Amino acid sequence: MRKSLITVLALLLLSITGWGQNVLWYGQSARNWNEALPVGNGRIGAMDYGGSWSGDIQLNEESLWAGCRTEGDADAAKWIPEIQKLLFADKITEARDLARTKLMGDVVGVRSYQSFGELKIEFIEDDERDVHSFRRELDLSTGISRTVFSENGVTYTRELFASAPDDILVLKLSADKPGALTFKLSYSREQDAYASPVSNDALAITGQIIDLPEGGRCPAGPHMKFAGLIKGTAKGGKMITANQSFYVEGADEVLFYIAMNTDYDVNQLNFDHNIDPAAKCRKQIAAVTGDYAALKERHLKEFDEMFGRVSLTLGDDDRSDIPTDVRLKAVQEGATDLSLIATYFQYGRYLLMCSSRAPGRLPANLQGIWCKDMIAPWNSDYHTNINIQMNYWPAEVCNLSETVMPYSNWIDAIRVPGRVTASKTFGAKGWTVNHVSDLFGRTSISDGVDWGTFPIAGSWLTLAQWEHYLFTGDIEYLRTVAYPCMKESAEFLLSFMVEDGKGRLVTAPSNSPENSFILPDGSEHRLTYSATMDVEITMELLGACIKAAGILGTDKEFCKELKAAMAKLPPLKIGANGTLQEWIEDYEEAEPGHRHMSHLFGLHPGTTITPANQELFTAAKKTIERRRKYNEDPETRRGSYTGWSRAWLINFYARLMDGEEAGANVQALLAKSTLDNLFDNHPPFQIDGNFGGCAGIAEMLLQSHTGEIVLLPALPSSWKCGEVKGLRARGGYTVDIAWKDGKITGATVTADKASKVRVRIGDKVQTIKAKDGVPVPVKF
């Protein structure tokens, strides 16, 4: 109890002072959305622009999407054998043409995740304003965005946070001089919503998305309903509401509670007009107990329990007194800022826990939970050919295991439409999804056959569920959630794969995500069969199913089928140029510098390419070198590194145990693909790069995918000293490491339950007896 009280008091003090490595801060208001600062509780979020005489706050609710649930599956099962026959006969053009006419349904794409709207704060304009001491900040350790400035002898403070315990946004405006607050706060949205007063201290937001006709999308019409409620309280002065605004005059302090909801039902994967989102808002606001201090204390206690599990210090050069954008600009100009790297790592953890956890019910999308648009880039959807998977790479190792739950639950839910896609389009058992999905559970081929035919995606998704078990040891989760999803996905593979006439069991049709190859006749294609990534994912899933079934003591006959299938999979091949082949044949690459490096899945996040197979390990390294050569040469490149692709490189080099290259790519990620608010720049903003970068830094410090815990496997020489606490290893271990001059000075392993584990530092390995909940020192 005493420790808990001390923690809360320390956080309250930190929330007032706002200094340190875990704080992003700026000397001016945000000039655009990419400079605003994000807050979130997993379900609702906001982007805070700051500002003195005016300030914007852009709002989001995780389930506010255009569109509706529709079945877009082509009735194509009878054509699959013919497409396969053409592919096996190397009649790629004919196979493509037939697939284009038969594999696409009437609905060929998804609609967009959307902004909930904006709040605008406007103070009285004064030509004689003298604003100084302006500071805008986001404290990652508290989840509070704050703006402070002084004007004419008065200090003004604005705080914003998203409370998970109370499931509301909280906005507080205060001044250190009585009666100094006179302003207007207004709600607006580009379309489909309005706000109106319900009392002198409350505004109700009413909305319904009206989708206009758009070719290849779900039918037009009135679709999802949404609602909000803003409750204001003024200390001193007066408050009234009119039109879409609050008007406050002469107040000392003003507090706003903001609730947002839709009529979406995750269990139906659709909206349900029997749900009343306005009633849900009223209930949330009414349920808030205590004053602002009590509400803030609840938030801080809950937030710290997650964020505070991991700490990272790199070097001893603390530059937290320099604005974040100034530090980033210096990095862009060639400077090294190790403490900014540590901040970036913690920012990735922060963004994940703010966009994917209870009270949230949905996984983080392409922009996490933050989106300003009505039609977002790539619809801010769930891209399942790497992007949503990358979102969750840091979840387990960075000690945020519960963030996987919305993702896992969504995977479980889309099995229902996925069974239709498996049967109707591919003539297979089990379930699948292709390269794009959304909250309505789209699993059919989208955006064209060449890009969209990626039925291995479902198998990749389930590997996150297996990883969750490996890190947590939660047998009940494995039995009731993970294994059923994994097994049904494996059943899809067993019934979808066919022999190719050469004794190999292959997936057909498919592609290597977004990349293309050139045939001897000069034609360029994406559609293929048994791309290397397919083989690697199949090996991972079938192997995981065999292990899971053994742990659960079930499905012996099924495991025999899996083992027989694994024995007939095509081997991974090394091409004539010494790199790992991306396709079933050693085709010429259309884009040798392509951003996707899908055939290296076995290196990361997979586990099939390790130092145990030096031939493949070396080929993987050559593959990366070739990709980078063509990507970085302006005369030959057609693709280019995106933020998430650069982040993947960090993970690759970490697995290759190449600390110098891993560190160089961390530096490049900050210098070339990071916006002023530290969002990843695809471009435009796409959050997977933040998550992939965070995971890559963790992978440089700790690995456990080979059956042993490896400490500092890829430490750059420039990271001479540092300390990390709280990282997680597979098997249920928490690891702390300290180092100086590149050598470990101390390390402990704490087990969730008593067990033996191998720990490696370089070439030295020891087996330690880890005790239940007791840190055990690692001695070398």
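The values are calculated or read from the model by the stated rules, or taken from the named source; none is laboratory data. A quick note: this is a predicted structure, and the numbers were derived from the prediction, not measured. Neighbour counts run over all protein chains shown; Cβ positions are idealised from the backbone, glycine included. Just so you know, the surface numbers come from the protein's heavy atoms only, side chains and all, with ligands and any DNA or RNA stripped out. Shrake-Rupley method; radii C 1.70, N 1.55, O 1.52, S 1.80 Å.
Applying the criterion of being assigned to a strand (DSSP E or B) and among the charged types (D, E, K, R) to the residues of the stretch 763-780, the residue that is least open to solvent (accessible area, probe 1.4 Å) is Asp772. For the stretch 668-686, filtering for residues that are assigned to a loop (DSSP other than H, G, I, E, B) and of a type in the set (Phe, Trp, Tyr) leaves 1.
Residues of the stretch 247-284 that are among the hydrophobic types (A, V, I, L, M, F, W, C), out of contact with any Cys (no Cβ under 9 Å at 6 or more places or on another chain), under 12 Å from Phe226 (Cβ atoms) and open to solvent by 10 Å² or more (accessible area, probe 1.4 Å): Ile275, Ala278.
When restricted to residues that are among the hydrophobic types (A, V, I, L, M, F, W, C), open to solvent by less than 10 Å² (accessible area, probe 1.4 Å) and more than 21 Å from Ser356 (Cα to Cα), the stretch 25-56 contains 0.
Inside the stretch 105-140, residues that are in contact with a helix residue (DSSP H, G or I) (Cβ under 6 Å, 6 or more places away or on another chain) and either at pLDDT below 95 or not in a strand (DSSP E or B) (or both) make up a count of 3.
Conditions (1) within 26 Å of Asp167 (Cα to Cα); (2) small (Gly, Ala, Ser), marked per residue:
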| site | (1), (2) |
| --- | --- |
| Ala202 | yes, yes |
| Pro213 | no, no |
| Arg217 | no, no |
| Pro222 | no, no |
| Ile230 | yes, no |
| Ala234 | yes, yes |
| Thr241 | yes, no |
| Ser245 | yes, yes |
| Ala251 | no, yes |
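Evaluate the following for Thr182: is it assigned to a strand (DSSP E or B), closer than 21 Å to Tyr49 by Cα, free of Cβ contacts under 8 Å to residues at least 24 places away in the same chain and in contact with an Asp or Glu (Cβ under 8 Å, 6 or more places away or on another chain)? Criteria not met by Thr182. Annotation for the stretch 398-420: at least one member residue is of a type in the set (S, T, N, Q), open to solvent by 10 Å² or more (accessible area, probe 1.4 Å) and at positive phi.
Checking each residue of the stretch 144-154 against the condition of being more than 17 Å from Val254 (Cα to Cα), out of contact with any helix residue (DSSP H, G or I) (no Cβ under 9 Å at 6 or more places or on another chain), crowded, with 18+ Cβ neighbours inside 10 Å and touching a residue at least 60 places away in the same chain (Cβ under 8 Å) gives at least one match.
Against the list (1) part of a loop (DSSP other than H, G, I, E, B); (2) basic (Lys, Arg); (3) touching a Cys at 6+ places or on another chain (Cβ under 7 Å), the condition Arg357 fails is (3).
Scan the stretch 24-54 for residues that are of a type in the set (S, T, N, Q) and under 20 Å from the mean Cα position of the chain (by Cα) and jot them down. Within the stretch 24-54, Asn34, Asn41 qualify.
I'd like to know if the stretch 346-353 contains one or more residues that are in a helix (DSSP H, G or I) and either among the hydroxyl-bearing types (Ser, Thr, Tyr) or open to solvent by 10 Å² or more (accessible area, probe 1.4 Å) (or both).
yes
Select from the stretch 285-308 the residues that are open to solvent by 30 Å² or more (accessible area, probe 1.4 Å), touching a residue at least 24 places away in the same chain (Cβ under 8 Å) and in a helix (DSSP H, G or I) and write down the one among them that is nearest to Ala66 (Cα to Cα). My answer is Ala287. Summed over the stretch 692-737, residues that are over 20 Å from Ala464 (Cα atoms) and among the hydroxyl-bearing types (Ser, Thr, Tyr) total 2. The residue that is least open to solvent (accessible area, probe 1.4 Å), among those in the stretch 708-762 that are under 24 Å from Thr343 (Cβ atoms) and among the basic types (Lys, Arg), is Arg728. For Ile210, the conditions (1) buried (at least 16 other Cβ atoms within 10 Å of the Cβ); (2) in a strand (DSSP E or B) all hold with the exception of (1).
Residue check: Trp451 meets all listed conditions (1) open to solvent by 10 Å² or more (accessible area, probe 1.4 Å); (2) modelled with pLDDT of 95 or more but one, namely (2). For the stretch 57-89, filtering for residues that are in contact (Cβ under 8 Å) with a residue 12 or more places away in the chain, surrounded by fewer than 18 Cβ atoms within 10 Å (Cβ to Cβ) and charged (D, E, K, R) leaves 5.
Pick from the stretch 519-556 the residues that are of a type in the set (A, V, I, L, M) and open to solvent by 40 Å² or more (accessible area, probe 1.4 Å): which of them is nearest to Gln84 (Cα to Cα)?
Among them, the one singled out is Met539.
Output yes when any residue across the stretch 673-682 is small (Gly, Ala, Ser) and touching a residue at least 12 places away in the same chain (Cβ under 8 Å), and no when none is. Yes, some residue in the stretch 673-682 is small (Gly, Ala, Ser) and touching a residue at least 12 places away in the same chain (Cβ under 8 Å).
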